[in-house]
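The values are calculated or read from the model by the stated rules, or taken from the named source; none is laboratory data. Since the model is a prediction, treat every value here as computed from it, not as a measurement. FYI the Cβ positions are ideal-geometry reconstructions off the backbone, even for glycines, and counts take in every protein chain you see. Accessible surface is based on the protein model in full, side chains and every heavy atom, while ligands, DNA and RNA are left aside. Shrake-Rupley method; radii C 1.70, N 1.55, O 1.52, S 1.80 Å.
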Amino acid sequence: MIKIDGRYKDAIWYKKGTQVLIGGAGGIGSHLAFMLARAGFLPTVYDFDVVEEQNIGGQLYARSQVGVDKTNALANNIKELVDIAISTETEKYTANSKYGRFMFSCFDNMSARAIMLENFKKETAQNKLFIDGRLSFENFLIYCVQEKDIERYEKTLFDDNLAVNQPCTLQQTTHVASMIASMMTALFTNHLTNIFEGTEVRYVPFKTEVMLPLLAIKTEQ
């Protein structure tokens, strides 16, 4: 019987124990942590919120976990489903927080994205990657930021006061949250494949935009 964490051992991108850092354990982050853990990666997840009733419709939590810290609830769910112990930080992500070679921004605000990006800049490893996911009810956007893309990505950030607030019933759905988490995981494994091959054999676009009502996918290199 193949162990879950070894199911992909023949994939060129697979390297057991690769550390990844995830900011946010909400609609994107909860699903992303599960998918990355199932693929054999070891996530560290930051979030200071607790599970609320309205989270059940779009995030990877059970009704019985309402009132529990999201990071603890997520760690329990992944342990049960994947038999992998993820690392958690039940606190707000700040300028003094951890950073690493592979970072995923799954926040619901721009200020947290900007802070994580500044921390990402401190990382000195080669071929580092910052993946930012932005989710709405039926659309999503992903930025894959390599060293050469940082200045370009910074132009996509804006003040949180300019964000359009949607009713809580129009912020996310489970299927769209799962889709963006899947796409972020796929883009990450493409990046790893390029590293291990020593050349760009797979596509890792700077920007990927998916508009579900139109069934349209747009990418920018």
List the aspartates and glutamates whose Cα sits under 13 Å from the Cα of Lys122, skipping any in the same chain fewer than 8 residues away.
Glu147
Label-point separation, Leu214 to Asp49 (7 Å along Cα→Cβ), nm:
2.8
With all protein chains present, calculate the accessible area of Arg38 using a 1.4 Å probe and round the result to the nearest 10 Å².
80
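Quick one: with all protein chains in place, what share of the accessible area of region 73-221 is carbon or sulfur, to the nearest percent (1.4 Å probe)?
Working: 3940 of 7930 Å².
C and S fraction of accessible area: 50 percent.
Work out which helices of the chain, taken as complete DSSP H runs, extend at least 15 Å along their axis over the Cα atoms and score a mean Kyte-Doolittle of 1.0 or more, then list them.
Values: long enough: 27-38 (17 Å, 0.92); 70-82 (17 Å, -0.20); 110-122 (19 Å, -0.12); 174-197 (34 Å, 0.67).
Going by DSSP H runs, there are no hits.
Sequence gap at least 6, Cα distance under 8 Å: using those rules, report the relative contact order of region 13-134 to the nearest whole percent.
Averaging sequence separation for qualifying contacts and normalising by length gives 27 percent for region 13-134.
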Hz values of 3J(HN,Hα) by residue in region 144-160 - Karplus curve (6.51, -1.76, 1.60), Gly and Pro given as x
9, 10, 9, 3, 5, 9, 4, 4, 5, 5, 4, 6, 8, 7, 8, 5, 4
Projected onto the charge dipole of the chain (unit charges on the beta-carbon of Lys, Arg, Asp and Glu, signs +1, +1, -1, -1), the Cα from Leu215, Asn190, Gly133 with the largest positive-side position is that of Asn190
Give the peptides 89-98, 12-21 in descending order of average Cβ contacts within 10 Å, highest first.
12-21, 89-98
At a probe size of 1.4 Å, how large is the accessible area of Thr156, to the nearest 10 Å²?
30
Check cross-link reach from Lys79 to the lysines: straight Cα distance under 16 Å, and skip same-chain residues fewer than eight apart.
Lys3, Lys70
How much of the DSSP beta bridge set in region 63-221 is antiparallel, as a percent to the nearest 5?
80
Let me cross-check Thr219: its accessible surface, 1.4 Å probe, with only protein heavy atoms counted, in Å² to the nearest 10?
70
